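What follows draws every value from the coordinates through simple rules; no lab data is involved. What you see is a predicted model, and the numbers here were worked out from it, not measured in a lab. Because the Cβ atoms are built from the backbone with ideal geometry, glycine has one as well, and the counts that use them run over all protein chains shown.
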Amino acid sequence: MKKLLILLFALSATFAASAQGEIQTVFKSSRVTGYGAITNKFTSIRGDFANIVGGYGGVFIDRKVMIGVGGFSTTNKIQVPAEFSSNPGVEMSYGYVQTGLMSEYVLASNKPVHLVLSMFAGAGFTYQYEHWSNPNYDWNVTHGPYDQNWSFVMEPGAQVEINLFRWMRMSPGISYRRTYNSTGLGLSDSDLSDWNYSFTLKFGKF
């Protein structure tokens with residue numbers, strides 16, 4: 001009986017000592033931070049030059065994976081051929097927007113120069129409007145949008161990322177925009193699909 005009491009006391013002391021230590025879990029805790037980015041892309045829509053600006057951001061897990069959302073839009077005039085104009089007699093421009101989920105996989109994030117693989121997946125939106133550069137543009141009148149259409153967009157890409165500061169990175173890159181089920185006037189899937197050449201600045205806790 002005495003030996004049993006001594007054994008129980010020893011076991012109780014062992015459990016009490018271990019309870020005061022660090023809690024152990026089945027799953028390892030991840031390092032979670034975040035960053036945001038502003039980007040400018042040079043591409044083409046229906047064979048004409050298109051300038052696209054936008055931004056994205058999200059959570060950055062274990063200095064490897066970023067998961068977030070983003071939005072992008074054209075900024076320049078992309079002339080609509082007369083036969084596809086939704087407003088006959090007026091010189092129209094195409095507009096394009098895409099918004100959805102954005103993810104990045106960063107290889108060797110702590111290295112001064114490293115590779116980033118990216119993927120965008122979401123909705124594309126096309127429309128026609130009268131651009132402000134038209135000679136007879138009237139600022140007091142609503143100029144669209146007309147012929148509004150939605151499509152699905154996927155855009156895989158890659159960047160060469162440079163760590164400028166602990167909180168800022170610069171990333172020139174390339175991606176390919178592929179659209180599906182576009183129904184805009186004069187805008188087929190192939191008209192909207194093309195290579196993008198981008199310049200991106202990222203800010204946050206890396």
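Could you pull out which residues in region 94-123 have an amide N less than 17 Å from a spot 7 Å beyond the Cα of residue 64, following the Cα-Cβ vector?
It comes to 103-111, 115-119, nothing else.
Output needed for region 56-97: three equivalent-ellipsoid semi-axes, defined as square roots of 5 times the C-alpha gyration tensor eigenvalues, in descending order, whole Å.
Value: 40, 7, 7 Å, ordered largest first.
Please report, in cubic angstrom per residue, the volume enclosed by the convex hull of the alpha-carbon atoms of region 136-206. The partial results should precede the final answer.
On the way: hull volume 12.9 nm³, N = 71.
In region 136-206, the Cα convex hull volume per residue is 181 Å³.
So what is Rg over Rh here for the chain, counting just Cα atoms and using Kirkwood for Rh? Intermediate results must be reported in sequence, preceding the final value.
On the way: Rg = 26.6 Å, Rh = 20.3 Å.
Rg/Rh for the chain comes to 1.31.
Determine the gain in length on full extension of the stretch residue 158-residue 31; use 0.36 nm per residue of separation and subtract their C-alpha separation, reporting nm with one decimal.
The residue 158-residue 31 span can extend by a further 43.4 nm.
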